[in-house]
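Quick note: the coordinates plus some simple rules give every number you see, no bench work behind them. Bear in mind the structure is a predicted one, so any value in this text is a computation, not a measurement. Cβ sites come from the backbone with ideal geometry, for glycine too, and all protein chains shown count toward neighbours.
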Amino acid sequence: MFNETITELISSYGYLAIGGLIALENLFPPLPSELILTFAGYLTLTTAITVPGAIVAATIGAVAGALLLYLVGTFFNREKLTAFAQSKVGKALGLSPEKVEKAENYFLTHGKTASFFGRFIPVVRSLISIPAGMSRYSLPKFLLFTSLGTAVWNTVLIMAGHFAGNAYQEFLQGYEQIFMPVVLAILVIAGIIYLLKKRKAST
């Protein structure tokens with residue numbers, strides 16, 4: 001049902017849906033960019049959507065989502081984020097003052113690498129934007145390397161969907177029946193482990 005909703009949106013709204021969904025994927029990592037972009041590539045064979053147009057729309061959407069998270073990060077200076085990390089909510093999210101310092105120092109040293117290669121990794125591509133803003137990493141550089149990394153990732157997936165052609169339907173079925181259950185199982189197991197550790201720590 002979830003996958004059908006995504007495919008219907010892209011079929012109905014074309015470039016706007018591609019850009020919007022990829023922007024949301026940056027804000028809400030559970031949205032599968034792999035599904036969105038490969039389907040967009042498939043539609044270049046059956047609709048007026050073009051490969052260059054799909055790549056541009058997806059890249060604009062991804063950069064917009066990353067920029068929003070970067071701006072959110074700018075409101076969390078070291079003091080605010082450290083205070084948040086020490087709160088109950090921050091601890092529940094696995095944060096700590098040490099991790100805050102580590103994230104800030106990492107972006108001051110490896111900003112280019114993180115901004116570029118982080119776009120190839122699910123979930124990470126969403127999370128890296130906040131510490132980038134928090135560390136006040138150069139916005140022009142952040143946008144440049146985010147755009148480059150995102151464009152490469154989008155091109156690979158859109159071209160994969162384009163060349164897969166009718167085989168895309170088999171991919172979609174396999175994605176829904178195999179990949180998503182595996183991801184959900186991992187999340188459930190991680191949640192159980194976290195609760196067990198928390199319970200053990202409180203005893």
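Points worth noting:
- Peptides 128-137, 69-78, 33-42 ordered by average Cβ neighbours within 10 Å, highest first: 33-42, 128-137, 69-78
- In sequence order, calculated HN-Hα J values of the range 64-76 (Karplus, 6.51, -1.76, 1.60; Hz; x Gly/Pro): 4, x, 5, 5, 4, 5, 4, 5, 4, x, 5, 7, 9
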